[in-house]
Each structure stands twice: as structure tokens, then as C-alpha cells.
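The values are calculated or read from the model by the stated rules, or taken from the named source; none is laboratory data. Every value quoted in this text rests on a predicted model; they were computed, and no experiment measured them. Here the Cβ positions follow ideal geometry from the backbone for every residue, glycine too, while neighbour counts run over all protein chains shown. Heads up: the accessible areas ignore ligands, DNA and RNA and are worked out on the full protein's heavy atoms, side chains in. Shrake-Rupley method; radii C 1.70, N 1.55, O 1.52, S 1.80 Å.
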Amino acid sequence: QVQLVESGGGLVQPGGSLRLPCAAFGTIFAFIRMGWYRQAPGKQRELVAGLTSGGSTNYADSVKGRFTISRDNNTNNTVFLQMNSLEVEDTAVYYCNASSPFGIDYWGKGTLVTVSS
């Protein structure tokens, strides 16, 4: 059974940084795409950043220049979200997402990021 496990969330002050890892377990195939989504209280889940197996990336406008998605080249099924210059508006539960070559999407359980002074 495929599982995505996120970590790295926590409380950080505005202007601070966090790095969120997401590791996939139970798979023998490479995902064609992995990404991060977030859901703030009272809001819909939204895409934060995505990374294809070919190395293409895309970001939400609100995080461009502040967040970076990357991949562990040794495992291919581990991605990181480096978040810099965090703002109060970045407070949300962050979810890892992965798309298999067979058209199945997987989700992690989420990790909470709170940006507050």
C-alpha cells in the first residue's frame, strides 16, 4: 500500500523558514508528478508547488520567489518544500500529493504550518 508521509511542520515567526519533506513508501514505481497543496481554515485546498518527473516545476503566484520544491535524486520518490520568508497567510495544513503512472493520486495526512509572532 502506497503511503505519503509529510513532516517538518510547526510554529514559525513571520519571515522565518521551514523545510517540509515528503517521503513515499510502499511503491516500486516512480511517480510522474509530486506536489504540495495547502488548506487554510475556512478555505479550499490549493496547489502550492508541483514537480514533474522531468523536472518541470510550477508554483502558486502567492509563493513564487519564496518557496522551492525539489526532489531527492537518490530516491526520486521524496520531495521537499523549502519555505522562506514565511507570512501569516501561509498558515495552513500542507499536504503532499503524488500522481502514479496509472492515473491514481495519493495524498498524505498533512502537516500543520503555523506562522505567527
Inside the range 65-75, the number of residues satisfying the requirement of being over 11 Å from L51 (Cα atoms) and either β-branched (V, I, T) or over 14 Å from the mean Cα position of the chain (by Cα) (or both) is 4
Of (1) in a strand (DSSP E or B); (2) of a type outside the set (G, A, S); (3) open to solvent by less than 50 Å² (accessible area, probe 1.4 Å), L112 fails just (3)
Applying the selection to the range 12-40, what residues are of a type in the set (F, W, Y) and either in a strand (DSSP E or B) or touching a strand residue (DSSP E or B) at 6+ places or on another chain (Cβ under 6 Å) (or both)?
F25, F31, W36, Y37
Which residues, taken from the range 87-104, are over 14 Å from the mean Cα position of the chain (by Cα) and at pLDDT 95 or above?
E87, V88, E89
With respect to the numbered conditions (1) among the polar types (S, T, N, Q); (2) on the phi > 0 side of the Ramachandran plot; (3) crowded, with 17+ Cβ neighbours inside 10 Å, which one is the sole condition not fulfilled by T91?
(2)
Does at least one position in the range 72-82 carry a residue that is at pLDDT below 95, touching a Phe, Trp or Tyr at 6+ places or on another chain (Cβ under 9 Å), open to solvent by 20 Å² or more (accessible area, probe 1.4 Å) and part of a strand (DSSP E or B)?
no
Contact list, first residue from the range 89-111 and within 22 Å of V12 (Cβ to Cβ), second anywhere and among the hydroxyl-bearing types (S, T, Y) and surrounded by fewer than 18 Cβ atoms within 10 Å (Cβ to Cβ), beta-carbon distance below 9 Å, six or more apart or interchain, is E89/S62; D90/S62; T91/T114; T91/S116; A92/T114; T111/S7
Of the residues in the range 41-61, those that are loosely packed, with under 14 Cβ neighbours inside 10 Å and either in a loop (DSSP other than H, G, I, E, B) or in contact (Cβ under 8 Å) with a residue 24 or more places away in the chain (or both) come to P41, G42, K43, Q44, G54, G55, S56
Within the range 18-39, residues being open to solvent by less than 70 Å² (accessible area, probe 1.4 Å) and under 14 Å from the mean Cα position of the chain (by Cα) number 13
